[in-house]
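Heads up, the thing below is written out as structure tokens.
The values are calculated or read from the model by the stated rules, or taken from the named source; none is laboratory data. Since this is a predicted model, take the numbers as computed values, not measurements. Glycine also receives a Cβ, built like all others from the backbone with ideal geometry; neighbour counts cover every protein chain displayed. Heavy atoms of the whole protein, side chains included, go into the accessibility calculation; ligands, DNA and RNA do not. Shrake-Rupley method; radii C 1.70, N 1.55, O 1.52, S 1.80 Å.
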Amino acid sequence: MDVDRIVRDIARSRWNVSYFNRIVWEPGSIPLKFLAVSITSWSLAYCIVLRLLGNRCYIKVKDNVEKVTQISPEYCCRLVTFIHGLLTTTLCAVLHFNDGPVWNNLGLTNSPFHNTIVLISLGYFLFDFIWCSYMGSEGAAMLAHHILSLFGLFYTTYYHKYGAEVTAVCFGAEITNPMLQIRWFLREHNLYHTQIGVVNDYVFVFSFFFWRFVVGTYFLYRASLSDKVGGVIFGGGVGLYLISIVFMYHIAKFFVRKYVWKMKKKDE
């Protein structure tokens, strides 16, 4: 199977031309109609999942005691987050595979495909930020991450620029999100301490480090050398990079405690 040809066909398909080209607006404005469709779609997806699964139960083991647990709103929200991560990562991968290295496209006007991805993610992050704030389910670092993400998405939407930079950051941030959600679901269904959980942890940790601190560091370096990247959008990128360092610290701490120290104890 010619994967390269298939990806290029998707990016250049008739559907792409006929539909994505409608996702345009004048710079200096927010497309409220498209934004409303996006946030409504994510909210509706959450309501549908909650409606379909909200009355279902599963067995959860805690402290060696089996307990019948009803599927919670957080469970449903994490399913929506999982879908967003897969969708956004796929669209961003198709976009940048077709456009070439992002550091060759810095500071350019958004294409209709950029606009589509940005609006999908903007609607999702608005939904998720409101949900997390209302439920009080996330800490300061995650809320700061959401605020900076929303700022970057609003900025590129309003000025109709920097779509390449913002979608590249979306890809790097969201590519590990499905693994994070899988980890939570494995815990809920008593499968975390299996081989599947171990593999997922390893893939998550090393993917997070690679995309945010190998590719991400190089991308930030190239952006710092370009006079096409505005100071505001670059500052937002630096802010997200610093938050990623905080996340990486906690991830590394968990990984060392769970896997490295246990291996040392076994060797002893």
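Looking at region 161-175 only, could you name the residues that are farther than 16 Å from residue 124 by Cβ, open to solvent by less than 50 Å² (accessible area, probe 1.4 Å) and outside any helix (DSSP H, G or I)?
Passing the criteria: only 162.
Among the candidates 221, 241, 158, 249, which residue alone is more than 16 Å from the chain's Cα centre (by Cα), in contact (Cβ under 8 Å) with a residue 24 or more places away in the chain and open to solvent by 20 Å² or more (accessible area, probe 1.4 Å)? Talk me through it step by step, then tell me what you get.
Details: 221 fails: in contact (Cβ under 8 Å) with a residue 24 or more places away in the chain; 241 fails: more than 16 Å from the chain's Cα centre (by Cα); 249 fails: in contact (Cβ under 8 Å) with a residue 24 or more places away in the chain.
Going through 221, 241, 158, 249 in turn, just one is more than 16 Å from the chain's Cα centre (by Cα), in contact (Cβ under 8 Å) with a residue 24 or more places away in the chain and open to solvent by 20 Å² or more (accessible area, probe 1.4 Å): 158.
Being more than 25 Å from residue 39 (Cα to Cα) and either among the charged types (D, E, K, R) or open to solvent by 50 Å² or more (accessible area, probe 1.4 Å) (or both) is the filter here, so list the residues in region 60-80 that pass it. Steps first, answer last, please.
Step one: of region 60-80, the residues more than 25 Å from residue 39 (Cα to Cα) are 60-70.
Once the filter is applied, which keeps residues that are more than 25 Å from residue 39 (Cα to Cα) and either among the charged types (D, E, K, R) or open to solvent by 50 Å² or more (accessible area, probe 1.4 Å) (or both), region 60-80 yields 60, 61, 62, 63, 64, 65, 66, 67, 68, 70.
If you take the residues in region 81-138 that are open to solvent by 20 Å² or more (accessible area, probe 1.4 Å), assigned to a loop (DSSP other than H, G, I, E, B) and within 21 Å of residue 34 (Cβ to Cβ), which one is modelled with the lowest pLDDT?
Restricting to residues being open to solvent by 20 Å² or more (accessible area, probe 1.4 Å), assigned to a loop (DSSP other than H, G, I, E, B) and within 21 Å of residue 34 (Cβ to Cβ), the top hit is 111.
Pick out the one residue from 182, 196 that is open to solvent by 10 Å² or more (accessible area, probe 1.4 Å), in contact (Cβ under 8 Å) with a residue 40 or more places away in the chain and among the β-branched types (Val, Ile, Thr). Break it down into steps so the answer makes sense when it comes.
Values: 196 fails: in contact (Cβ under 8 Å) with a residue 40 or more places away in the chain.
Residue meeting the stated conditions: 182.
Would it be correct to say that residue 153 is open to solvent by less than 50 Å² (accessible area, probe 1.4 Å) and modelled with pLDDT of 95 or more? Full working, then the answer.
On the way: open to solvent by less than 50 Å² (accessible area, probe 1.4 Å): yes; modelled with pLDDT of 95 or more: yes.
Answer is yes for this residue.
Filter region 161-179 down to the residues that are small (Gly, Ala, Ser) and touching a residue at least 60 places away in the same chain (Cβ under 8 Å) and list them by number. Steps first, answer last, please.
Residues of region 161-179 small (Gly, Ala, Ser): 163-164, 168, 172-173.
Matches in region 161-179: 164, 168, 173.
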